[in-house]
1. In the set SER140, SER222, which member is small (Gly, Ala, Ser), free of Cβ contacts under 8 Å to residues at least 12 places away in the same chain and within 29 Å of PRO98 (Cα to Cα)?
2. Got a number for residues in segment 195-231 being open to solvent by 90 Å² or more (accessible area, probe 1.4 Å), under 42 Å from the mean Cα position of the chain (by Cα) and farther than 20 Å from LYS161 by Cα?
3. Looking at segment 236-253, can you tell me whether even one residue there is open to solvent by 100 Å² or more (accessible area, probe 1.4 Å), part of a loop (DSSP other than H, G, I, E, B) and modelled with pLDDT of 85 or more?
4. Restricting the first residue to segment 176-190 and requiring it to be outside any helix (DSSP H, G or I), which pairs with a second residue that is open to solvent by 50 Å² or more (accessible area, probe 1.4 Å) and among the hydrophobic types (A, V, I, L, M, F, W, C) meet a Cβ separation below 6 Å and a spacing of at least six or different chains?
Amino acid sequence: MSSSLERQQASFMSSMSAASSKLAGTKRALAPPSPSPSVGSVASAIAAGNGTPRKAADRVETPAHNIVYSQPAATGTGLNIITQVTYAIAWLRGKDEPRTYLEILGHLSGLHWSPSYQEEFVEAMRRTREIQWIPDPNLSEQTWQSGTYLHRPKVPGVRNKTQLLAYLQKKTDASCVGVKELKDGWPDCEKAINELEAEHKILVIRVKKEGSPRYVWLDDPSLFHEVDPELKVMWQKVEVPGTDTIVQRLKAASQKPASEDPRDKMTAAPKAEKKKRAQRRTGKATNTHMEHLLKDYSHMKR
């Protein structure tokens, strides 16, 4: 029994060795890799928690290090002469004493500017209406570096209560002065305006919402008379008749009420009827005065 099993095992091993030798002698060509993802890669991607696999075009590769992009060049903001003159006006507005051009350049950090640019800046300041150039009295011939500069406000010479009253008294008409124009040379003028109003030396028109002063007129304190508070209360208690009652009483007194609407008369007045234009009769027109010219003279031909 054992000998028969040994013979079968030996024949099986010999057949297996012959088959392996035949396979080793022949080479198989491998198929090219498929562009589509394999089942294993899809399964691994889903197992990793990425959900559905993305296409290669949708995947964004993260760079290995941060890329520093080039920054834009300096645009020159703030170096324009008009801009610098505006800054100079704002700085001089808060100064009571004249300033030299070097002090102005020091405030603007412009001492490093080229001499040609500084000269151009000084000429632009002298042409500006808001800046007053004061020539140097010790020099017979002025240069672009000489003289001092002072802010020229819209209302000149008004920086306190006394100067404001003097300016209003010099006016030849009853026009007002705008608080906005006063603030151009006197930024903190509201406190003084409130004090002068309380003293009845000026009249003030204020903004309804904010209550800030807007226009100022000259006032005379001698014309002000204090009214007894009891009289004010009695005055408020007096009932004023209605508008209809006042109109009726004025008409009864043969007076024309000022509140009467002139449009009421226009609606009450009867409309004048327009005369109808007579239609022109169209008929046969005969020129009786030319009948002798229209006679038939054909029988008189020769």
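The values are calculated or read from the model by the stated rules, or taken from the named source; none is laboratory data. Here the structure is a predicted model, which means the values were calculated and not measured. Positions of Cβ are generated from backbone atoms using ideal geometry, with glycine treated the same way; all protein chains shown enter the neighbour counts. Please note that ligands, DNA and RNA were not included when accessible areas were found on the heavy atoms of the full protein model with its side chains. Shrake-Rupley method; radii C 1.70, N 1.55, O 1.52, S 1.80 Å.
1. The unique qualifying residue is SER140.
2. Here the count works out to 3.
3. yes
4. Taking only residues 6 or more apart or on different chains, the pairs are CYS176/TRP217.
One line per residue, one yes/no per condition, for (1) open to solvent by 70 Å² or more (accessible area, probe 1.4 Å); (2) out of contact with any Cys (no Cβ under 6 Å at 6 or more places or on another chain); (3) part of a strand (DSSP E or B); (4) of a type in the set (A, V, I, L, M, F, W, C):
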residue: LEU111; (1), (2), (3), (4): yes, yes, no, yes
residue: GLU119; (1), (2), (3), (4): yes, yes, no, no
residue: ALA124; (1), (2), (3), (4): no, yes, no, yes
residue: GLU141; (1), (2), (3), (4): yes, yes, no, no
residue: GLN145; (1), (2), (3), (4): yes, yes, no, no
residue: TYR149; (1), (2), (3), (4): no, yes, yes, no
residue: PRO153; (1), (2), (3), (4): no, yes, no, no
residue: GLY157; (1), (2), (3), (4): no, yes, no, no
residue: LEU165; (1), (2), (3), (4): no, yes, no, yes
